[in-house]
4 protein chains.
Amino acid sequence: MGSSTGRLFSVTTFGESHGPAMGAIVEGCPPGIMLDLDAIQEELDRRRPGVSALSSPRKEPDQVQILSGVFEGKTTGTAIGLLIANKDADSSSYAPFSDVYRPSHADYTYDAKYGFRDWRGGGRSSARETVCRVAAGAIARQVLSTLAGVNVVGWVDQVGSVVSNSDPDEVSRQAVEASEVRCPNPDASAEMEGLIREVRGQKDTLGGVVRCVARGVPPGLGDPVFDKLEADLAKACLSLPAAKGFESGAGFSAASMRGSQHNDPFMFSDERVQTTTNHSGGIQGGISNGMDIVISVGFKPVATIFTDQQTVDNQGDARTIRPRGRHDPCVVARAVPIVEAAMALVLCDHLLRQRAIRGDEVFGS
Amino acid sequence: MGSSTGRLFSVTTFGESHGPAMGAIVEGCPPGIMLDLDAIQEELDRRRPGVSALSSPRKEPDQVQILSGVFEGKTTGTAIGLLIANKDADSSSYAPFSDVYRPSHADYTYDAKYGFRDWRGGGRSSARETVCRVAAGAIARQVLSTLAGVNVVGWVDQVGSVVSNSDPDEVSRQAVEASEVRCPNPDASAEMEGLIREVRGQKDTLGGVVRCVARGVPPGLGDPVFDKLEADLAKACLSLPAAKGFESGAGFSAASMRGSQHNDPFMFSDERVQTTTNHSGGIQGGISNGMDIVISVGFKPVATIFTDQQTVDNQGDARTIRPRGRHDPCVVARAVPIVEAAMALVLCDHLLRQRAIRGDEVFGS
Amino acid sequence: MGSSTGRLFSVTTFGESHGPAMGAIVEGCPPGIMLDLDAIQEELDRRRPGVSALSSPRKEPDQVQILSGVFEGKTTGTAIGLLIANKDADSSSYAPFSDVYRPSHADYTYDAKYGFRDWRGGGRSSARETVCRVAAGAIARQVLSTLAGVNVVGWVDQVGSVVSNSDPDEVSRQAVEASEVRCPNPDASAEMEGLIREVRGQKDTLGGVVRCVARGVPPGLGDPVFDKLEADLAKACLSLPAAKGFESGAGFSAASMRGSQHNDPFMFSDERVQTTTNHSGGIQGGISNGMDIVISVGFKPVATIFTDQQTVDNQGDARTIRPRGRHDPCVVARAVPIVEAAMALVLCDHLLRQRAIRGDEVFGS
Amino acid sequence: MGSSTGRLFSVTTFGESHGPAMGAIVEGCPPGIMLDLDAIQEELDRRRPGVSALSSPRKEPDQVQILSGVFEGKTTGTAIGLLIANKDADSSSYAPFSDVYRPSHADYTYDAKYGFRDWRGGGRSSARETVCRVAAGAIARQVLSTLAGVNVVGWVDQVGSVVSNSDPDEVSRQAVEASEVRCPNPDASAEMEGLIREVRGQKDTLGGVVRCVARGVPPGLGDPVFDKLEADLAKACLSLPAAKGFESGAGFSAASMRGSQHNDPFMFSDERVQTTTNHSGGIQGGISNGMDIVISVGFKPVATIFTDQQTVDNQGDARTIRPRGRHDPCVVARAVPIVEAAMALVLCDHLLRQRAIRGDEVFGS
């Protein structure tokens, strides 16, 4: 279980890091959407390893094949099959650890859960699975854009102790992509790059924070009680590899604010209801209010460090290991398109839910 | 949509704040569990308003009726119907705001979503719905305890700017319940109480942070990719009213740690695999590793403040409002049993999922 | 598990025959539908026992309470809580059989599944659960009628060996309700009544067939592959107590037809695509084609007969039993509103699914 | 929507008849099951076109590739990706009908649902999708066999008006496979073959009935109310292309039986509770009782006949068409492995559900 997400716009994935291929089935895509295949590939390229001096040297072309659900360029409304081959898998560096539990990896928990595991490249627990999220998310982005004019932009706001504090209102994809670490603030970006190089030299790793904003979201998305928009966004983000924290709007900082500071006064402007501030991050009572939706995701440092670590093997015997393999010293730059995809999948699902109960009323068509 | 949660141990709820009753259906409960009804009522009493000088004066006995699924004291394995009457609803203080959008409440978003709303007491968006989570969670806690010896304890770790930093290893329910604000650290507790009284005097409100630990969780709970244990916990917590942030283990602080600091070395101790530190918060690769599971939930300040606020009505006209009604100045003390319930529901669901794929193998019976 | 149905318009139920109450939560109902509560009660009255000399003498007023989800007469879009009290439960006639397996009842299978059972009145396995389907189905009917002009009419087409063969094009609710056995053909109706009285005198029971037609269904409802409209209708009908067979359109008789006989030629008439015959029963490729949807459900004879039967008890010892309690000699007349409700629930769910992917395009708004 | 089935053992599929490939993701498979890949391929070969003079000449090797979820021959417990290439698609015979609605095909309903359609080979509505069900079902069969000793055997019991009436207790796979039409009764088999050849010569087509028995099913599978075992079997079978009827046990014939004839007396034999007759078809109250589960599925005649037919095009203009393409005159022989697969998928899902609530208690391990 666990390989499916979404109630109406749903995605089911398969694939291990060192198997022949990764794949996904996207269900519930409305028919008649012109799919820009280059735009899908572009998102995969943004996630791809081996493109930056700062990321893993594994070379994967990550060329996506669309096997169904598209006819004469348009979505047919039926299941979309996606396939992405694994070309550059190298299991040899994992073989010495097939019976050992690498610290803060999923080796032990997979053994505990399933009784044994595919140890090659981390198997199903590998972050390589995110290639499917990004491909499916790229379709979701096109649906959101076509049906409702929604746009999603993410960026790196923190690497280790370097914080950018970029203003969500100001961040543009152009500025994000101009930075090798995907931080739109040039000063912070330079500092982050320097830190990554330094820590890589120490054979150590870094964590960080990715923020993401969705603009143009119509009011009314999200469901009461258990399926609040924030709840589904939190689940989508905490299901990302290495994610350990999530915030919506003011997040944890709201805990130390007074109601009089945090409340967002309403005003009527541009022919619609808006708020003068946006501490709520575009969501009130779990439902979008038409303001920008702003989220943050905190990532722990990469677990694979290249120095000696204490652990045990599957017999419980103490072992000292020094991992090998190809790993990023810091994943947050590559995590940007992944967080964007996760956010887009949730929004797209809730857009369709809202259509189910209201038809197209709320979208003015 | 939105009123159901859980895949195997599932809960579906209904009810508005000022309707005749709240209710829930708990499905998937294993048969043969002796249900301690007093323990269920005790959890409801912990959540109940009107019991502390620091909480809303609304008086609700919150007496739960079990309408099905239990026979001769034991769960039958079939659907459990729960009903909790609303006794002390008073809609009069809401009437003046039936056409106005109270800032940072769900008034506007419900209108946007549904075209109109039940404005009495916030209708479906009222935090009163959590009474159902607590009742269902109390059943989940008994299932967890009976089948796997799992125990869940939550506490208030922050109110406004007062932080307790209690050690998750040390917190006991007894210490928590000894404090009116449910903070096990007596000094911090006293300071929090003082702050709440002060802010209430200013007709303002406070937010805070609840932490929660689950002890005795067997390794192997959680599913790869989309249904990681952290993901489901994050969803459960961000679906709580006023929740704006979630952390698992080291959470956002992991973002500024190095891999060499954050990684949890494995050791073999007490005849099982353990880690020497627990920055992972008991979850690795989205699956429990047998260590304590530790989460944090950040809550924004209560939206209802008793001073003038700027807003608009449903015609878009500017209005100044000063809300009335019965509200807590700070909800976090009452949120403790709610977060515990949310956590218990997720763990119980994943316990059953794990039984589905492994039978009882992993629990040694 | 098993107490929920529907993906978008969903129903979750609870309740045992001899518990305090039955109940349901209806989720996903579009907002703004004026609910006619009398019409809901009327459907419950049609299903009610004790109203005909031909049915069980158990007297249940079956007064439905709506506890949430309706405000000022209109659905709010949030969960609708329904409660129906059990007033006339009498467990005394079941006590002698608490350790015995009544033939062709669910006594043994519930023991096998859950380890023990609530034996009072059949517990959760009692057909009394259908009261919830009828109430929820009555809401679905109003949604279908309001949003798409769909109308559902069922009738008894067979009792024992007496077959009516009524023409689905001609059957009216008025004609159905004019017959005590709900057969619109007066001759067959009289014969059926006579047969039921005769068999009741023999302390024996009868089965029969209910047919049902949905008129005005827009083309396009149903999903490819696993969720074909016929598939969901079949599931809804085979989940009814005592149901053992299902047919769509020509059903099993299609098996002995040639393609040239069975195929329905298309024509263009009344400004829409129609077929000149309707062997398909309004569904092609699992999707509605705008013609009347016609289904049949076969019911086995009531299991409770009032003569001696051989069986075993829960120790495996042979026992002879002669059941007591209040039971219908033939359930099919009361099954008519139940089959209608089952059909309405499926159609309503698929109507919302179609809105999710197409907005309101297909309904011409 | 519609491309997923199963709650715990779930299958999601994609693929159009004339696209590059068909595929499926099987989720929830317990870990550690030795998968016999040859047995999977054998089931696909049984379904394959082009192997009999009586079936479509389309030549598809239907070689299945397993892309994930299996390691060193054993299931890992994670998602199993399956891929089957389409090799012999020929869209040229469909081109003349791209704007016409072939009678009793899904051309019109897909246009009505989605606004347009992939007309090549029927697109998503093609029966070619069943290749995925058979592959996934072959895995389910191995899980059922390994965990619970369950075995599934189907056969053709009727072709056109030729009925075999084979005894479910007696049918063996060997006898079934010895017949070109998969009817274990040699006389009926010969007659069926003759009829198929005759009707093919008339450019017409035939329907028929497939029956299927599951042996060794433990008591206790199936859920109350909506997810009765019969209900899920009915849905699985009515979702098969061309299926129009479903029966469990005595089916529609039960409608004309008396309770005293239909009831199955219990006895204690071979150290377990059994029934002396099996009119219930192994299911009581929607839950398996340990006796053989027996179902029947009625199929309409193949819609593609090779004579002139009246229809309309997508402008509503009258057209006369004479279809081309490669089609079976009668599908029921090829439907046997498909019905078996459908039944196996349902049983496997319910086996895991039962483990979730009871652990392995009921299976004695």
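The values are calculated or read from the model by the stated rules, or taken from the named source; none is laboratory data. All of these numbers come straight from a predicted model, not from anything done at the bench. Here the Cβ positions follow ideal geometry from the backbone for every residue, glycine too, while neighbour counts run over all protein chains shown.
Here is a check on your reading of the model: is C:Val273 surrounded by fewer than 24 Cβ atoms within 10 Å (Cβ to Cβ) and hydrophobic (A, V, I, L, M, F, W, C)? So C:Val273 fits the description; yes. Could you list all residues from the stretch C:239-272 that are in contact (Cβ under 8 Å) with a residue 40 or more places away in the chain and over 20 Å from C:Pro168 (Cβ atoms)? Listed by number, the residues that qualify are C:Ser239, C:Pro241, C:Ala242, C:Lys244. Contact map, the stretch B:15-26: first residue more than 7 Å from every other protein chain (Cβ to nearest Cβ) and in contact (Cβ under 8 Å) with a residue 24 or more places away in the chain, second residue outside any loop (DSSP other than H, G, I, E, B) and of a type in the set (D, E, K, R), Cβ cut-off under 6 Å, separation 6 or more or different chains; pairs are B:Ser17/B:Arg128; B:His18/B:Arg120. Every condition in (1) out of contact with any Cys (no Cβ under 8 Å at 6 or more places or on another chain); (2) within 30 Å of D:Ser260 (Cβ to Cβ) holds for C:Gly359 except the one numbered (2).
With respect to C:Asp157, determine if the residue is more than 15 Å from C:Ala335 (Cα to Cα) and among the acidic types (Asp, Glu). Answer is no for this residue. At least 1 residues being within 12 Å of another protein chain (Cβ to nearest Cβ) is the threshold, and among the helices (runs of 4 or more DSSP H) wholly inside the stretch A:81-184 those reaching it are A:107-114, A:130-148. Could you check, for the stretch A:32-52, whether at least one of its residues is crowded, with 24+ Cβ neighbours inside 10 Å and within 11 Å of another protein chain (Cβ to nearest Cβ)? Among the residues of the stretch A:32-52, not one is crowded, with 24+ Cβ neighbours inside 10 Å and within 11 Å of another protein chain (Cβ to nearest Cβ), which makes the answer no.
Counting only residues that are touching a strand residue (DSSP E or B) at 6+ places or on another chain (Cβ under 8 Å), within 9 Å of another protein chain (Cβ to nearest Cβ) and under 22 Å from A:Gly208 (Cβ atoms), the stretch A:306-332 holds 3 of them.
Can you tell me which residues in the stretch C:281-306 are of a type in the set (S, T, N, Q) and modelled with pLDDT of 95 or more? Listed by number, the residues that qualify are C:Gln284, C:Ser288, C:Asn289, C:Ser296. If we keep just the residues of the stretch D:205-261 that are in a loop (DSSP other than H, G, I, E, B) and more than 7 Å from chain C (Cβ to nearest Cβ), which is surrounded by the fewest Cβ atoms within 10 Å (Cβ to Cβ)? Top of the filtered list is D:Gly216.
Condition check for D:Gly19 on (1) assigned to a loop (DSSP other than H, G, I, E, B); (2) more than 17 Å from C:Val225 (Cα to Cα): one failure, at (2). Scoring A:Asp292 on the criteria (1) facing chain B (nearest Cβ under 7 Å); (2) in contact (Cβ under 8 Å) with a residue 60 or more places away in the chain; (3) of a type in the set (D, E, K, R) leaves a single failure, condition (1). Report whether or not A:Leu82 is crowded, with 23+ Cβ neighbours inside 10 Å and modelled with pLDDT of 95 or more. Taking the combined requirement at face value, the residue satisfies it.
Say we look at the stretch B:265-285 and pick out the residues that are facing chain A (nearest Cβ under 7 Å), in a loop (DSSP other than H, G, I, E, B) and within 12 Å of A:Ala106 (Cα to Cα); which of these is nearest to the chain's Cα centre (by Cα)? My answer is B:Ser280. Go through the stretch C:67-80 and give me each residue that's of a type in the set (A, V, I, L, M), outside any loop (DSSP other than H, G, I, E, B) and in contact with a strand residue (DSSP E or B) (Cβ under 6 Å, 6 or more places away or on another chain). Listed by number, the list holds a single entry, C:Ile80.
Hey, could you check the stretch C:321-362 for residues that are among the aliphatic types (A, V, I, L, M) and surrounded by fewer than 24 Cβ atoms within 10 Å (Cβ to Cβ) and say which is nearest to C:Ile293 (Cα to Cα)? In this case the residue turns out to be C:Val362. Within the stretch C:320-350, the set of residues being out of contact with any Ser or Thr (no Cβ under 6 Å at 6 or more places or on another chain) and acidic (Asp, Glu) comprises C:Glu340, C:Asp349.
Looking across the stretch B:302-313 at every residue that is buried (at least 16 other Cβ atoms within 10 Å of the Cβ) and more than 16 Å from the chain's Cα centre (by Cα), the one that is nearest to B:Leu240 (Cα to Cα) is identified as B:Ala303.
Looking at the stretch B:102-112, is at least one residue within 30 Å of C:Lys113 (Cβ to Cβ) and small (Gly, Ala, Ser)? No: the stretch B:102-112 contains no residue that is within 30 Å of C:Lys113 (Cβ to Cβ) and small (Gly, Ala, Ser). If the condition is being at positive phi and surrounded by 24 or more Cβ atoms within 10 Å (Cβ to Cβ), then the stretch B:172-204 contributes only B:Arg182.
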